[in-house]
Structures are given as C-alpha cells and as structure tokens.
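K.L.:
Take this structure first; my questions come after.
Just so you know, all these numbers are worked out from the coordinates, no wet-lab data involved. Bear in mind that the values here come from a model prediction, so they are computed numbers and not experimental data. Neighbour counts run over all protein chains shown; Cβ positions are idealised from the backbone, glycine included.
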Amino acid sequence: AIHGPALELPRAIAHRGLSARAPENTLAAVRAAHAAGCRWVELDVQLLGDGTPVIWHDAGVRRCSNGRGKLRRLDIERARQLDVGSWFNPDFHDERMATLDDMLALLAACDMGLNLELKISYKHDPAALAETVIPRALAALPPSRLLVSSFDRNALRSARRQEADPHRLRLGLLYDRLPRGWQADAEALLASSVHLDWRKLKPGTVAAVHEAGLQLLCYTANDPATFLPCWEWGVDAVISDDPTLFASTENLGIV
Ligand code: G3P
Ligand code: MG
C-alpha cells in the first residue's frame, strides 16, 4: 500500500549534519549543511537522564565530547558544560550539546527537512523517547519536511501512536538489510520508507521496496563512484557525511 504521495526528498541527505566538515549532530553541523546547500539532514535523538531530548548518537559522551560517562546519567545542566566540538577540531570548542528544541528551531528557520532517527541505547525507553520527541517535531516542522526513522520497532510503534495519519507523520524502517517480514512491519506502522545499509543492497531490493509503495534510502555512503550502481537500481536518496560529493553524479541537483 502506498501511504500518500512520496516525500519530496533530495537525492542526498547530510548524515548527522554535514559531519564530514563539522562535529556530528551539532547546530554547527546543521549550519554547515545549510551553507553547503543541503536541504535535509539526518540526526539522532535520545533522552538525557532528566528527560531532556538531545541530538546525540552514542550511549555515552566519550567519543564526541571532553567528558565521559553515560548519557542517561546526565542532566541538561551537566550536559551543557561539555565541549562537544574540540574532539573534531579545536575551532569548534564553543559547541554545546544541542537540545532537540534548539535544533528544531534552527531547522525551521533554515526551511530544512529532517530525518530524525529515534536512537535507542541500552536501558533507554523507546516509548518515552517517542512520546517526548514526536509532538515537538510535529509542532516545529511541516509533514513534508519530517521523516522519523528507527531501528527499534517499539519506538516506531509509539511514534505512530502519537500521530495515526501517515500523511501527517512519515515513518521510515531502519535495517541493515531487508529482513523477513519487513512488509508486515511496514504495513503495521504505515511506514513510507525503508532505510538500508547501501553495502548490503542487492539489485532486486530496490524494486521490491518500490513495489510495496515505499521509498528506499541508503546509509552511509561517502564515495559517489562506488555508489553509482545504487542510483541505477533506483535508490531514492543517499544519507552521506558529505552530500556535496554527490552533487556532480548523475547530473542531478542532488543536494
Ligand atoms: O539513519 C541512518 C544512519 O544514521 C543509521 O546509523 O549509526 O549512523 O545512526 P547510525
Ligand atoms: Mg543515525
């Protein structure tokens, strides 16, 4: 079943913001994406221990900040003390962990689209995340510029409970490769897209997803030459650390 008209996605979406050129999942990475001409970004969202939704990928803060420890042990006051930019480049030492609200305000101001990934780390509650995040995202962005995805079925189910109309809330199923039963998942969730690891894509996968009326996005590709077969098979969009690399392939206005 096709759940409404396909989303107007660009051919390339900036993974965690323009993470090739700025610290991932920060306001700086989204500003960099906007400055580079990207129209959509993919970002990860999780809850701090005090329930504040923040844009962050890992279960802990060690890799992408000057601190250490679990995200679920932090409150917003402590989290905002972290330097989340210097690990990438000292020029970004003033960067602070972005709350979802700050990020949504920036995206709305820039007229950008968002693929928001509900990231479920160990001991995090999928329903609590969806219940906190979805109303805020729906209030900030138009339905045509929001696509919520997750590897976690429970998170997507809770998201769908927040907004039953598939035209008003687009959901994307994240997998590494298509598992048995993906159609049933898509039907149950009224999903509009499937998001797969491009390295595991097979020629027939794209046709199968399109036959089900869904769009197919691939993550995370940074080499346009090796990605070329995926365009030929009909992949709708690529999620890349640097979408500008794809601007010259296929003569598309790709970003
Ligand atoms: O949403 C696509 C991609 O971001 C999924 O993997 O680990 O980069 O969040 P990851
Ligand atoms: Mg992600």
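K.L.:
Give, in nm to one decimal, the length gained when the segment between ASP94 and ASP197 is fully stretched (0.36 nm per residue of separation minus the Cα-Cα distance). Can you show the working numbers first?
P.N.:
On the way: separation 103, 0.36 × 103 = 37.08 nm, distance 3.32 nm.
Stretched fully, the ASP94-ASP197 segment lengthens by 33.8 nm.
K.L.:
Let me ask another. What ranking, highest mean first, results for peptides 188-195, 202-209 when packing means the other Cβ atoms within 10 Å averaged over each residue?
P.N.:
Ranked by mean Cβ neighbours within 10 Å, highest first: 188-195, 202-209.
K.L.:
So if I take the alpha carbon set of segment 12-251, get Rg, then get Rh from the Kirkwood formula, what is the Rg over Rh ratio?
P.N.:
Reported Rg/Rh (Cα atoms, Kirkwood Rh): 0.95.
K.L.:
Might you report the magnitude of the Cβ-based charge dipole of segment 2-72 about its Cα centre, with Lys and Arg at +1 and Asp and Glu at -1, to the nearest 20 debye?
P.N.:
That gives a dipole near 280 debye.
K.L.:
Can you tell me the relative contact order of segment 12-251? Whole percent, Cα pairs under 8 Å, sequence separation 6 or more. Mind showing how you got there, number by number?
P.N.:
Values: 483 pairs, mean separation 43.0, N = 240.
Reported as a whole number, the value is 18 percent.
K.L.:
Under unit Cβ charges (Lys, Arg +1; Asp, Glu -1), what dipole magnitude, rounded to 20 debye, does segment 171-255 have relative to its Cα centre?
P.N.:
Dipole magnitude for segment 171-255 comes out near 240 debye.
K.L.:
Placing +1 at every Lys and Arg Cβ and -1 at every Asp and Glu Cβ, with all other atoms neutral, what dipole size does the chain have around its Cα centre, in debye to the nearest 20?
P.N.:
580 debye
K.L.:
Between ALA212 and GLU232, what is the label-point separation in nm under the 7 Å Cα-to-beta-carbon projection?
P.N.:
Once both label points are built, they end up 2.5 nm from each other.
K.L.:
Within the chain, what is the longest stretch that has no chymotrypsin sites (Phe, Trp or Tyr not before Pro) placed in a DSSP loop and near at most 14 other beta-carbon atoms within 10 Å?
P.N.:
For chymotrypsin sites (Phe, Trp or Tyr not before Pro) (loop position, at most 14 other Cβ atoms within 10 Å), the longest site-free span of the chain is 1-121.
K.L.:
Something else: Loop-only check: which trypsin sites (Lys or Arg not before Pro) in segment 114-222 are DSSP coil with at most 13 other Cβ within 10 angstrom?
P.N.:
Of the trypsin sites (Lys or Arg not before Pro), the ones in loops of segment 114-222 whose Cβ has at most 13 other Cβ atoms within 10 Å are LYS123, ARG168, ARG177, ARG180.
K.L.:
Next question, about the same structure. Would you mind computing, in nm to one decimal, how far apart the modelled labels at ALA127 and ALA188 are, each placed 7 Å from Cα along Cα→Cβ?
P.N.:
1.5 nm
K.L.:
Ok, one more. Would you work out which of LEU116, CYS230, GLY49 lies farthest towards the positive end of the dipole of segment 12-251? Charges go on Cβ: Lys and Arg +1, Asp and Glu -1.
P.N.:
GLY49
K.L.:
Still on this structure, please answer the following. Stretch ASP223-GLU8 to full length: gain in nm at 0.36 nm per residue minus the Cα-Cα span?
P.N.:
Residue separation times 0.36 nm, minus the Cα-Cα distance, leaves 75.1 nm.
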